[in-house]
1. Using Cα centres only, tell me the gap between the stretch 36-67 and the stretch 127-155 in whole Å.
2. Count the DSSP beta bridges whose two residues both fall in the chain, then state the antiparallel fraction as a percent rounded to the nearest 5.
3. Find the eigenvalues of the gyration tensor of the Cα atoms of the stretch 365-439, then list the square roots of 5 times those eigenvalues as equivalent ellipsoid semi-axes, largest first, in whole angstrom.
4. Of His250, His325, how do they rank once you tally other Cβ atoms within 10 Å and put the fewest first?
5. Which one of Trp138, Trp400, Trp15 has the biggest mean-square fluctuation once the chain is modelled by GNM with Cα springs under 10 Å?
6. Share of antiparallel DSSP beta bridges in the stretch 269-438, in percent to the nearest 5?
7. Determine the relative contact order of the stretch 1-119: mean sequence separation of Cα pairs under 8 Å and six or more apart, normalised by residue count, in whole percent.
8. Let me check I have the definition right: for the chain, take the eigenvalues of the Cα gyration tensor, multiply each by 5, take square roots. What are those semi-axes in whole Å, largest first?
Amino acid sequence: MDSAQNYIEINRNSWNNRVETHLRSEFYDLDGFLNGKTSLNDIELTLLGNIKGKTILHLQCHFGQDTISLSRLGADVTGIDLSDKAIESAKQIAKDTHSNATFICCDIYDLPNHLNETFDLVFTSYGTIGWLPDLDKWAKIVADFLKPNGQFVFVEFHPVVWMFDDNFEKISYRYFNSGAITETESGTYADKKADITQSYVMWNHGIGEVLNSLINNGLEIKSLDEFDYSPYNCFNRTVEFEPGKYRIDHLDNNIPMVYSISATRKMKVTIRQENKKDVNAVSEVNKLAFGQNNEANLVGLLRQSSAFIPELSLVATFDNKVVGHILFTKIKIVNDDKSETESLALAPMAVRPEFQCKGIGGQLIKRGLDTAKELQHKSVIVLGHEHYYTKFGFVPADKWNIKSPYNVPTNVFMALELVTDGLKNISGLVKYPKEFETV
């Protein structure tokens with residue numbers, strides 16, 4: 001069988017063959033790590049920032065030192081790797097260090113069959129993508145496992161480095177991806193004199209290929225930086241010019257050795273009118289957002305009432321999934337002389353918990369208000385947080401002597417004129433549809 005076709009098995013065996021040597025090596029300094037030393041470098045730490053309380057997916061984690069280092073910083077981390085021996089060691093090291101990091105053994109492209117959650121951050125670093133033939137599939141994995149607006153942090157050896165022969169004397173490989181590179185090595189980067197031999201299959205990937213794969217899968221590039229040193233002494237003919245910083249001696253600072261990318265998964269939210277297929281999803285959104293069934297039941301009842309306006313039941317979708325909902329229904333303002341003026345009630349509005357604080361509610365409100373204007377409604381009433389709804393122009397309804405039927409503070413019962421003087425000479429008690437009595 002062609003090695004490129006059988007690369008997963010070849011590379012799994014290759015990494016399995018390295019694990020024992022790596023665990024004993026000075027390069028990985030396992031004793032120091034067990035005693036609290038971090039394995040993370042300044043380059044990635046700067047990009048990561050404060051990760052306390054965040055969920056992180058660490059791709060191609062080897063035997064988990066970086067994964068555990070991330071967990072020591074307060075993150076909830078899941079590491080994945082192709083090598084079963086590496087993952088076995090990672091689990092033991094996590095146990096020995098009392099880390100809550102978890103580990104999964106699988107090929108990265110097969111991860112969706114092993115994991116079903118999204119993360120605040122996806123992280124991968126140093127010598128990872130060269131083991132992968134298809135960066136579009138890789139970038140899709142990154143995007144699919146990121147929460148909306150989640151961050152991707154990537155640090156990798158620069159593709160210029162992989163153009164050289166082992167001693168950096170001549171150009172031996174193309175910068176660009178020209179297909180599989182199958183080779184056999186003695187020793188390993190962590191211990192070049194180790195009495196081990198393994199074959200492997202790799203691919204070169206230029207920075208353009210990396211960036212385009214991420215962009216094409218919905219990630220927005222926030223930064224791209226290049227560095228004229230490596231934080232690891234893993235190449236031949238290196239010199240340590242500063243503590244923990246290595247260059248190729250005869251090339252000095254003339255070539256890039258590492259690059260980093262920070263990117264976020266863009267929020268492509270669509271606001272549209274609810275349709276019949278959305279009914280169950282809208283109910284679920286309301287139940288999750290409010291932690292009870294009342295609001296979901298209210299929407300269902302209002303949908304069957306004369307107060308319902310189909311054009312003003314709007315949903316927010318992300319990846320064709322309903323993640324938010326807003327409803328405007330007909331209400332009346334009843335004056336002391338029993339005359340009635342029609343208005344709209346904004347209620348309820350709900351966003352799935354994992355999508356909250358991402359601007360989706362604001363998008364729903366703005367679209368709803370614009371649609372209400374187009375339908376020639378003149379005003380909207382809302383009972384809600386004063387510091388939130390005032391951003392959209394709402395003010396306390398007592399400005400017009402409009403009162404709530406509920407015993408609530410006047411500053412949370414608000415109104416908005418959709419047209420100039422939409423509430424001029426209007427006052428009285430708001431009368432909600434009877435369906436609101438269920439809440």
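Just so you know, all these numbers are worked out from the coordinates, no wet-lab data involved. Only a predicted model underlies this, so the values are computations on that prediction, with no experimental measurement involved. Cβ coordinates were reconstructed from backbone atoms using ideal geometry, including for glycine residues, and neighbour counts include every protein chain displayed.
1. Distance between centres, Cα-based: 15 Å.
2. Within the chain, antiparallel bridges account for around 75 percent of the total.
3. Computed over the stretch 365-439, the values are 19, 14, 14 Å.
4. His250, His325
5. Per the Cα network of the chain with a 10 Å cutoff, Trp400 tops the list.
6. Percent antiparallel among DSSP bridges in the stretch 269-438 is about 90.
7. Dividing the mean separation by the residue count of the stretch 1-119 yields 23 percent.
8. Taking √(5λ) for each Cα gyration eigenvalue gives 59, 20, 20 Å.
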